[in-house]
Amino acid sequence: MKNKISLKWKIAKYFLIFGAVMLGVMFVFQMKFLEPMYEEEKISSIKEVAEEIIDELDEDTEDLMSEILEESMRTDTCIVVASTSDGMFEGQRFSNVGCELYRMRPDELMDMAEKAKESPSGENLTRRDKGMHDGHNADFTSIIYTKVVEKDGQEYVVMVNGGITPINATVSTLRRQLVIISLILMLAIVVFTLLLYRGIGRPLIRINEAAKTLPKGEYTAQEGSGQYREADELNSTLTQAAEDIRKADKAKRDLIANVSHDLRTPLTMISGYGEMMRDLPEEKTDENLDVIIQESKRLTHLVNDLLDLSRIQGQSIVLNCTDFDISALLEKEMKKFDVYRLQEGYEIEADIPSGIHVYADEARIAQVFNNFMNNAVSYCGENRHIIVRMTQENGKARIRVQDFGEGIAAEDLPNIWDRYYKVDKTHVRPVSGSGIGLAIVKEILELHHAAYGVESTLHKGSTFWFELPLSS
Ligand code: ADP
């Protein structure tokens with residue numbers, strides 16, 4: 001396996017990238033955009049002041065004057081409102097005596113007014129950079145916004161002047177802050193990495209370590225390993241897997257024991273009868289030969305079952321589906337059980353409508369039916385009553401095999417379709433039964449995508465059923 005980077009370093013890596021991006025964004029904003037943004041803000045507030053004054057132009061002189069004073073004090077700007085005629089300023093109403101506009105020559109002001117007039121929007125923005133401001137040695141920038149408007153046939157010039165204080169000091173403060181923020185961020189990254197690692201990485205490592213014992217079915221749940229749902233789920237999935245492995249292991253061991261027992265019984269009989277017939281010539285009877293033949297058949301049956309199951313599960317079986325008469329098939333298969341009816345007092349009832357055709361693998365369906373019948377015969381107990389019924393429902397033929405024997409406990413019901421599962425764990429029946437019949441049935445029916453199931457009540461009996469599509 002490729003040596004991959006550990007989770008701890010991966011978390012740290014992503015956090016570092018995140019931190020670097022954050023710092024980068026902050027740096028760009030503080031160093032590059034702060035000044036232009038600040039300037040833009042200032043200019044737009046100067047323009048707003050001009051608009052406020054323009055709105056008040058039709059007020060009488062006194063009101064306008066007090067508005068100008070109020071605005072200039074509120075926004076720390078210098079405001080000039082003048083009406084022009086013949087290229088000259090007249091009726092100037094100055095505010096903030098002593099402000100920059102006040103100190104400028106009328107022709108300078110007129111110059112800016114002319115520029116504003118010439119522009120399509122009637123406005124002009126002039127920047128004046130100054131080395132000195134009020135005795136402070138700083139790069140002070142002065143902005144003069146001029147707007148020419150016409151109101152009641154009279155042309156007005158509104159000029160607003162505001163200063164953009166240099167933000168060098170702010171920038172260097174921010175720069176220092178950025179260094180501190182970077183350090184805090186780094187520390188936070190280390191702390192978060194460790195916390196996340198404790199939350200995600202450690203439980204994973206613990207579970208991984210414990211999971212190495214899984215093949216032996218020894219995994220034990222890692223208590224408190226999950227501070228988050230996924231770790232808990234992984235934990236319980238592995239616990240379940242270990243439980244399943246243990247069960248499968250035990251079932252396999254049981255199977256070997258059962259199969260050995262099942263193989264040994266007929267083998268003992270065959271060799272015993274064989275020896276007896278060899279040593280005692282008068283024992284060479286047809287009945288004794290029949291015992292040998294029956295026991296050989298039982299052996300063949302068992303070995304076939306085992307082979308079948310492994311073939312079906314290895315997916316080397318391909319269904320050979322045809323359209324066939326299932327009524328005829330069931331009648332034919334039931335004949336095999338006549339011997340139980342005639343010799344052992346079984347009552348086998350059949351309710352099978354004739355001429356029903358389905359689309360399926362005939363040989364495999366015969367195998368399914370035989371398995372149900374064999375089980376019914378084996379487990380019907382003293383009652384010995386079996387009913388085979390076929391009905392047609394929703395375009396399907398439903399085949400039921402019902403017995404009134406020992407039944408199956410509710411807790412065993414989900415397991416009987418599993419390989420090697422036997423309710424009768426003590427294996428006392430002399431009848432061959434290795435717990436694989438229903439597993440084969442299940443595989444065959446699932447290959448057909450057919451519905452199947454069982455209804456059973458303990459001591460009352462069971463009904464095993466399956467459905468096949470009617471051929472049209
Ligand atoms: P087996 O060869 O042991 O019969 P199966 O796979 O056919 O194996 O059946 C699995 C188990 O299901 C049986 O051991 C038995 O306990 C139970 N079982 C199957 N059919 C019946 C039935 N008709 N009545 C009661 N129990 C049944």
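Okay, here's what the table says:
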{"quantity": "Residue check, Arg298 in contact (Cβ under 8 Å) with a residue 24 or more places away in the chain, part of a helix (DSSP H, G or I) and closer than 30 Å to Ile399 by Cβ", "calculated": "yes"}
{"quantity": "Filter result for Val303 (β-branched (Val, Ile, Thr) and open to solvent by less than 70 Å² (accessible area, probe 1.4 Å))", "calculated": "yes"}
{"quantity": "Test: residue in the stretch 320-335 that is in a helix (DSSP H, G or I), among the small types (Gly, Ala, Ser) and closer than 18 Å to Ala363 by Cβ", "calculated": "yes"}
{"quantity": "Residue satisfying all of: in the stretch 103-129; open to solvent by less than 60 Å² (accessible area, probe 1.4 Å) and closer than 29 Å to Asn168 by Cβ; modelled with the highest pLDDT among these", "calculated": "Asn124"}
{"quantity": "Restricting the stretch 285-338 to residues that are basic (Lys, Arg) and within 16 Å of the ligand (Cβ to nearest atom), the residue that is nearest to the chain's Cα centre (by Cα)", "calculated": "Arg298"}
{"quantity": "Candidate set from the stretch 383-411 (those that are open to solvent by 70 Å² or more (accessible area, probe 1.4 Å) and within 12 Å of the ligand (Cβ to nearest atom)); member that is farthest from the chain's Cα centre (by Cα)", "calculated": "Asn383"}
{"quantity": "Residues of the stretch 160-209 that turn out to be part of a strand (DSSP E or B) and either touching a helix residue (DSSP H, G or I) at 6+ places or on another chain (Cβ under 6 Å) or open to solvent by 90 Å² or more (accessible area, probe 1.4 Å) (or both), as a count", "calculated": "4"}
{"quantity": "Which listed residue, of Leu178, Leu174, Leu195, Leu204, is among the aliphatic types (A, V, I, L, M) and without any contact (Cβ under 8 Å) to a residue 12 or more places away in the chain", "calculated": "Leu195"}
{"quantity": "In the stretch 249-276, residue most open to solvent (accessible area, probe 1.4 Å) [restricted to those that are free of Cβ contacts under 8 Å to residues at least 12 places away in the same chain and more than 30 Å from Pro215 (Cβ to Cβ)]", "calculated": "Arg264"}
{"quantity": "Unique match (being among the charged types (D, E, K, R) and under 30 Å from His301 (Cα atoms)) among Asp232, Asp244", "calculated": "Asp244"}
{"quantity": "Qualifying residues in the stretch 339-382 (those that are open to solvent by 50 Å² or more (accessible area, probe 1.4 Å), hydrophobic (A, V, I, L, M, F, W, C) and part of a helix (DSSP H, G or I)) - the one farthest from the ligand (Cβ to nearest atom)", "calculated": "Leu342"}
{"quantity": "Positions within the stretch 420-457 being at pLDDT 90 or above and either farther than 23 Å from His301 by Cβ or not aliphatic (A, V, I, L, M) (or both), in sequence order", "calculated": "Lys442, Glu446, His448, His449, Ala450, Ala451, Tyr452, Gly453, Glu455, Ser456, Thr457"}
{"quantity": "Residue satisfying condition, being part of a helix (DSSP H, G or I), modelled with pLDDT under 85, open to solvent by 50 Å² or more (accessible area, probe 1.4 Å) and farther than 30 Å from Leu195 by Cβ, within set Glu35, Glu41", "calculated": "Glu35"}
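The values are calculated or read from the model by the stated rules, or taken from the named source; none is laboratory data. Everything numeric here is computed off the predicted structure, so don't read it as measured data. No Cβ is skipped: glycine too gets one built from the backbone with ideal geometry, and neighbour counts run over all protein chains shown. Calculation scope for accessible area: heavy atoms of the full protein, side chains included, ligands and nucleic acids excluded. Shrake-Rupley method; radii C 1.70, N 1.55, O 1.52, S 1.80 Å.
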